[in-house]
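The values are calculated or read from the model by the stated rules, or taken from the named source; none is laboratory data. None of these values were measured; they are calculated from a predicted model. Note that each Cβ is placed from the backbone with ideal geometry, even for glycine, and that neighbours are counted across all protein chains shown.
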Amino acid sequence: MRIISIGTILFALILFLNGPLQAAPKAPAKGAEKKTEKVEEKAPGVSVPSLGNDHIQSIDSPHPPYNSKPPTSGPHVPFVAKWGIYRQQIPNELQVHNLEDGGVMIQYDCKNCAEMIQKLENLGREYLKMSQMTPQNGRFGHLIVAPYPGMETPIALTAWGKIDRLNEFDEARIRRFIEAYVGIDHHPRHTE
């Protein structure tokens, strides 16, 4: 009768559980390298350093200047603009509070671009309507579409600490920005 060593039994058990041992993979031939690394998708927009969450009494109250146009954080009044579609500019000190409350602003500055404005407004209406359908979609109601004269580009998307400037209407890019940031509250967390 043969005696089987414990080492042989463990080896067989490992082989059974993990499958057969395989030879090390061969190096690919020159010029035949395949990229297998996963490319992480970058968050939409550009980060803008935070200017904080200080409240001021009115839109006329003096405060340090904003560090982007339109603003993405900083001093703001203690109330928000109603979410929706506007035909006039929302004051900076008001829209910043909307951003703090999880809002996304879609703003435009262009002449003779009624078609583009219509597309932006329709997209905004779609999200606002979606927000009323189910509680899970409620966050999409935190959206404003409005003009903003004097911007660097015809369209600017803003969220708290983020901005994306567009030279033309790009529905996929706008949707990606909205869906990444809308509904995320940015009020300071107080720990006790």
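Points worth noting:
- Restricted to segment 92-127, and to residues there that are of a type in the set (A, V, I, L, M) and assigned to a helix (DSSP H, G or I), the residue that is surrounded by the most Cβ atoms within 10 Å (Cβ to Cβ) is VAL96.
- Pick from segment 40-76, criterion of a type in the set (Val, Ile, Thr) and either assigned to a strand (DSSP E or B) or under 15 Å from the mean Cα position of the chain (by Cα) (or both), ranking: farthest from ASN92 (Cα to Cα): VAL46
- Residue in segment 117-135 that is free of Cβ contacts under 8 Å to residues at least 60 places away in the same chain and closer than 16 Å to GLY45 by Cβ present: no
- When residues of segment 128-139 are limited to those that are assigned to a helix (DSSP H, G or I) and out of contact with any strand residue (DSSP E or B) (no Cβ under 9 Å at 6 or more places or on another chain), the one nearest to ALA114 (Cα to Cα): LYS129
- Flag if GLN89 is of a type in the set (S, T, N, Q), part of a helix (DSSP H, G or I) and at pLDDT 95 or above: no
- Looking only at residues in segment 60-80 that are in contact (Cβ under 8 Å) with a residue 60 or more places away in the chain and either more than 19 Å from GLY102 (Cα to Cα) or of a type in the set (S, T, N, Q) (or both), the one that is surrounded by the fewest Cβ atoms within 10 Å (Cβ to Cβ) is SER68.
- Among residues of segment 143-185 being under 13 Å from the mean Cα position of the chain (by Cα) and part of a loop (DSSP other than H, G, I, E, B), the one that is surrounded by the most Cβ atoms within 10 Å (Cβ to Cβ) is TRP160.
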